[in-house]
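Novice: Here you go, one structure.
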Amino acid sequence: MFKPLAVYIGLRYTRAKKKNHFVSFISLSSMLGIGLGVMVLITVLSVMNGFDEEIHKRFFGMAPEVTISGPDGRLSNWQELLNKVKSMPQVLGVAPYVVVQGLMTYDGQVVPIILTGILPEYETQVTALGSNLITGNLSQLNNFGIIIGKGLADTLGLMIDDRITVMTPQASITPAGVIPRFKRFIVKGVFSVGVGFSFDTKLAFINLYDAQKLMQYGDDVSGIKLKLADIYQAVPLTKQLLTMLPEGYQVGNWTDQFGPFFKAVKMEKTMMFLILILIIAVAAFNLISSLVMVVNDKRAEIAILRTIGATPAMILWIFIVQGMMVGVVGTVLGVIGGLILANNATVIVNTLQAWMHVKILSANIYFVDSLPAKILWQDLWKVTVVAITMSFIATIYPAYRASRTEITEALYNE
């Protein structure tokens, strides 16, 4: 019975005496502080989720998640291995490839290049190369056609149907001696992933059969690449493949080269979460001050309640309810504000950029030129629990102090 009564009195005590507006102001500022902290935390986490998703989408749209290569960098009977790996439950798609490293020359300019020989019908299973094309089509990738990145096209000033020369380190023996191997290619398409990645400036794609001829591989390939249902299964699948494949086969995954980068992104989100919690902690500390002032404001009423039978536990619950009321309302307001702000973050930033005539986000620095946002319910749950828990902790000392109020002293001073 005393708990419902404590809740009722605690809700009434949310407002101070009419003559003491300062206490009410402190309670309101505590509520708004908690709401602001929650709103900022939800917005920042949502934006970081959006960045993380955008980077993953762009990166894994081009980079293989798992690769299998044979001894000495060549893989024979790859069709049999491809069919075997494709049947594994973790694998969504597989594709053969041939890697050719060399130099690309055009109009007196020379740049290093990594050519990847692909089969278009397989490549669409493992990468988003087709959807990243600005111009051209994967079906045109034949008869020594080549698809290059936008950064490379801009650097060399290349356009569709321009002819370029690729020099590979594999030597050809001629009557004049040993010379590097040269081959002319025709530009058939241009793709773009984003200037924040090196794909646009370092990679180019040719037909698998053209790459086999260029490397004199016959029917062999450099390896096969895999697309997984869950990219974080790359490491366990790598271990499984190493035990399944004959000795000498090599299995790599995206964590070998890019794992530290994505770990840094994840750690950055965690650190931002911990840092921004301090905003809520400051508001919760302010809540302690407001409750202590309320306790002093209500000392006479506490003493009267004690004289008519209220126990110290009931007094304790009254002020816990009052503090939690401030915390819960502030958290709810913050969640609503955070959802609204996160859902409209892109529009707000674009409006500010247009109004101020300033480019706030540059793809050269942030990989993207817009502000993506993705709201995860687990983030909302974490923020809500943290805010309410801090509010509860903040109520303990003032509520305990109220429960220890001396009746005679309080009535005498009043």
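The values are calculated or read from the model by the stated rules, or taken from the named source; none is laboratory data. Predicted, not measured: the structure shown is a model, and the values here were computed from it. Don't worry about glycine lacking a Cβ; one is built from the backbone with ideal geometry, like all the others, and counts go over all protein chains shown. Accessible surface is based on the protein model in full, side chains and every heavy atom, while ligands, DNA and RNA are left aside. Shrake-Rupley method; radii C 1.70, N 1.55, O 1.52, S 1.80 Å.
Novice: Could I have the simple spin-label model distance between residue 356 and residue 99, label points 7 Å from Cα toward Cβ, reported in nm to one decimal?
Specialist: With each label placed 7 Å out from Cα toward Cβ, I get 4.3 nm.
Novice: A follow-up question, please. With the other protein chains left in place, how much accessible area per residue, in square angstrom, belongs to the stretch 218-291 at a 1.4 angstrom probe?
Specialist: For the stretch 218-291, the per-residue accessible area is 57 Å².
Novice: For the stretch 197-261, with all protein chains present and a 1.4 Å probe, just round the carbon and sulfur fraction of the accessible area to a whole percent.
Specialist: 53 percent
Novice: Give the shape of the stretch 253-296 as rounded, prolate or oblate, defined through the alpha-carbon gyration tensor: a ≥ b ≥ c are the square roots of its eigenvalues, a/c under 1.5 means rounded, and otherwise the shape is prolate if a/b is larger than b/c and oblate if not.
Specialist: It is prolate, given that a/c is not under 1.5 and a/b is the larger ratio.
Novice: Considering only protein heavy atoms, what per residue accessible area in square angstrom results for the stretch 81-120 with a 1.4 angstrom probe?
Specialist: Each residue of the stretch 81-120 exposes 42 Å² on average to a 1.4 Å probe.
Novice: Which links in 57/213; 150/213; 269/382 stretch past 24 Å when you go from one Cα to the other? Could you put the intermediate results ahead of the total?
Specialist: Details: 57/213 33 Å; 150/213 26 Å; 269/382 13 Å.
Pairs exceeding the cut-off: 57/213; 150/213.
Novice: Through the Karplus equation 6.51 cos²θ - 1.76 cosθ + 1.60, θ set to phi - 60°, convert the phi angles of the stretch 313-326 into ³J(HN,Hα) values in whole Hz; use x for Gly and Pro.
Specialist: Along the stretch 313-326, the couplings run 5, 5, 4, 4, 5, 4, 7, 5, 4, 4, x, 5, 4, 4 Hz.
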